[in-house]
Amino acid sequence: MKYLSTRGDATPRHFCEILLEGLAPDGGLYLPQAYPQVDAATLARWRKLSYAELAFQILSLYIDDIPAADLRTLVDRTYTAQVFGSAEITPLKPLEPGLYLQALSNGPTLAFKDMAMQLLGQLFEYQLARTGRELNILGATSGDTGSAAEYAMRGKRGVRVFMLSPEGRMSPFQQAQMFSLQDPNIHNLAIEGVFDDCQDIVKAVSNDLAFKQRHHIGTVNSINWARLLAQVVYYFFGYFRATQAEGEVVDFTVPSGNFGNICAGHVARMMGLPIGRLVAATNENDVLDEFFRTGHYRVRGSRETFETSSPSMDISKASNFERFVFDLVGRDAPRTAALFGTAVAREGGFRVSDDEFARIAGFGFASGKSVHADRLATIRDTWQRFGTMVDTHTADGLKVAREQRRDGVPMLVLETALPAKFAETIREAVGVEPPRPPALQGIESLPRRVQVLPADTERVKAYIRDHT
């Protein structure tokens, strides 16, 4: 299995060559040269596997430069009941006939990002140890990626984490999860701006190849292929738990801002998993919903990016979206480079052609939007009717899923986080304090370790230089 860039760099690279990387040298994102195809017989074989066994089978299709025995050990060490709370790892929660929540948020930081990040921590430490390298991870977070990365990497040999977050724009719980960590290899940088400013800095540093090489910069953001690959697994697992036999079709609704989580579903579908539709649920920052309705990808600036009660989706520049568009335009790398490398930078977006827009349905995509009043109503309804408390992002997903359901087709909504991370909105919706694990009681009162910086790439580079 070899990997190429969405913008044309066709230098064949193995998995471990891109494991520690973010962007490709030409600014594109890595994808496999071809998606492995999974037939009905293989799906039948995989149906009864445990989550860890299934993860090993899927990852093995993409990773051929880690010995199988080592890869199995890393996977088995990651996906355990001790880490994720149950032997099922991502159990389905039926709400009503044909409508399920897939529980992805039972890991250490109570968010779906743990599903991939815990594996990345194992993979990074393994690869650094066998190559004798060190790695400085530079990331941006709108809420959950940061804590998931930091909890996965804290204390790991040869790894430092520099995590950028928008100052004051995460929930108090999310801030406390990150800023209370005192591990010397963890550095929190609160950027005076919005998430997209943080993301732009990460990309700017990644595009400075000399700085990147000199300071051994890598990434755990969803632009990292290994992270997205780990997320593919739970689409297969959810499918098997929602169906009885191969050939049945399911739909997924995915709360989405950065397009990473739903892009993993796109990969699963391209591999042959019988997904009928992938429904992107956005909040008030609806750049993705606008694209799927109109074919117009219009990036918003900081002033147009709303601060919402589902803050992890307060994103107006979906960094993983380039992977899907690359497939949409027939893997035409010059076309992809023109759209993302030129049109977005110069014109703030692009419009795909009529023919390209018509192809979107063939990839199974649909979308919808949820706003604050919608998520309050959904949280309240789900609590009153089913006794199930959902977080704000999952509520966005449920609201859109109900609009997009099809008769006779199971709909799985990917749970994004546990309600404890967004207690203020939960209290507003149902008047009840969401439960939290005992280990996280009083986390907001712990001492904080965070550095506030302006939205300035050079200032971030200087901080990294001073702390490596």
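The values are calculated or read from the model by the stated rules, or taken from the named source; none is laboratory data. No experiment lies behind these values; they were computed from the predicted model shown. Every residue, glycine as well, gets a Cβ built from its backbone with ideal geometry; the counts of neighbours run over all protein chains shown.
Listed by first and then second residue, the pairs linking a residue in region 92-113 that is at positive phi to a residue that is assigned to a loop (DSSP other than H, G, I, E, B), with Cβ atoms under 6 Å apart and 6 or more places separating them unless they lie on different chains, are Gly98/Pro410; Leu110/Leu418.
Residue-by-condition table, conditions (1) touching an Asp or Glu at 6+ places or on another chain (Cβ under 9 Å); (2) modelled with pLDDT of 95 or more; (3) not aromatic (Phe, Trp, Tyr):
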| site | (1), (2), (3) |
| --- | --- |
| Gly341 | yes, no, yes |
| Glu356 | no, yes, yes |
| Ile360 | no, yes, yes |
| Gly364 | yes, yes, yes |
| Ser370 | yes, yes, yes |
| Ile379 | yes, yes, yes |
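One residue stands out in region 325-343 among those that are under 17 Å from Cys263 (Cα atoms) and charged (D, E, K, R): the one that is farthest from the chain's Cα centre (by Cα), namely Arg331. Taking the conditions (1) touching a residue at least 60 places away in the same chain (Cβ under 8 Å); (2) surrounded by fewer than 21 Cβ atoms within 10 Å (Cβ to Cβ) in turn, Pro311 satisfies each one other than (2).
For the criterion of being crowded, with 23+ Cβ neighbours inside 10 Å, out of contact with any Cys (no Cβ under 9 Å at 6 or more places or on another chain) and touching a residue at least 24 places away in the same chain (Cβ under 8 Å), Ser302 fails.
With respect to the conditions (1) more than 29 Å from Thr382 (Cα to Cα); (2) in contact with an Asp or Glu (Cβ under 7 Å, 6 or more places away or on another chain); (3) of a type in the set (Lys, Arg), Arg130 lacks only one, and its number is (2). Once region 386-433 is narrowed to residues that are in contact (Cβ under 8 Å) with a residue 60 or more places away in the chain and of a type in the set (Lys, Arg), the residue that is surrounded by the fewest Cβ atoms within 10 Å (Cβ to Cβ) is Arg406. Among the residues of region 177-188, not a single one is part of a helix (DSSP H, G or I) and surrounded by fewer than 19 Cβ atoms within 10 Å (Cβ to Cβ). Within region 61-79, is even one residue touching a residue at least 12 places away in the same chain (Cβ under 8 Å), surrounded by fewer than 15 Cβ atoms within 10 Å (Cβ to Cβ) and touching a Phe, Trp or Tyr at 6+ places or on another chain (Cβ under 6 Å)? So far as region 61-79 goes, yes, one or more of its residues are touching a residue at least 12 places away in the same chain (Cβ under 8 Å), surrounded by fewer than 15 Cβ atoms within 10 Å (Cβ to Cβ) and touching a Phe, Trp or Tyr at 6+ places or on another chain (Cβ under 6 Å). The set of residues in region 387-418 that are part of a helix (DSSP H, G or I) and either modelled with pLDDT under 95 or among the hydrophobic types (A, V, I, L, M, F, W, C) (or both) comprises Ala395, Leu398, Val400, Ala401.
Pairing each residue of region 258-270 that is touching a residue at least 60 places away in the same chain (Cβ under 8 Å) and farther than 14 Å from Glu322 by Cβ with any residue that is charged (D, E, K, R) and in a helix (DSSP H, G or I), provided the two are 6+ apart or on different chains, yields C-beta distances under 8 Å for Met270/Asp327.
Does any residue of region 161-176 turn out to be of a type in the set (D, E, K, R) and closer than 25 Å to Leu31 by Cβ? Scanning region 161-176 turns up no residue that is of a type in the set (D, E, K, R) and closer than 25 Å to Leu31 by Cβ.
Of the set (1) crowded, with 18+ Cβ neighbours inside 10 Å; (2) touching a strand residue (DSSP E or B) at 6+ places or on another chain (Cβ under 9 Å); (3) within 30 Å of His393 (Cα to Cα), all apply to Glu322 but (2). Elements of the type strands (runs of 3 or more DSSP E) sitting completely within region 41-159 and holding at least 1 residues that are farther than 30 Å from Arg406 by Cβ: these cover 135-140. Within region 207-218, does at least one residue satisfy the condition of being touching a Pro at 6+ places or on another chain (Cβ under 9 Å), at negative phi and surrounded by 20 or more Cβ atoms within 10 Å (Cβ to Cβ)? There is no residue in region 207-218 that is touching a Pro at 6+ places or on another chain (Cβ under 9 Å), at negative phi and surrounded by 20 or more Cβ atoms within 10 Å (Cβ to Cβ).
Look at (1) out of contact with any Gly (no Cβ under 6 Å at 6 or more places or on another chain); (2) under 22 Å from Glu415 (Cα atoms); (3) among the acidic types (Asp, Glu); (4) modelled with pLDDT of 90 or more and you find that Asp144 fails only one, number (4). The numbered conditions (1) assigned to a helix (DSSP H, G or I); (2) within 26 Å of Gln174 (Cβ to Cβ); (3) basic (Lys, Arg) are all true for Arg346 except (2). The set of residues in region 434-460 that are more than 25 Å from the chain's Cα centre (by Cα), at pLDDT 95 or above and either part of a helix (DSSP H, G or I) or over 20 Å from Gly168 (Cβ atoms) (or both) comprises Glu458, Arg459.
If I ask for residues that are acidic (Asp, Glu) and not in a helix (DSSP H, G or I), which ones from region 317-335 would you list?
We begin by selecting, within region 317-335, every residue acidic (Asp, Glu); these are 322, 327, 332.
Answer for region 317-335, where residues must be acidic (Asp, Glu) and not in a helix (DSSP H, G or I): just Asp332.
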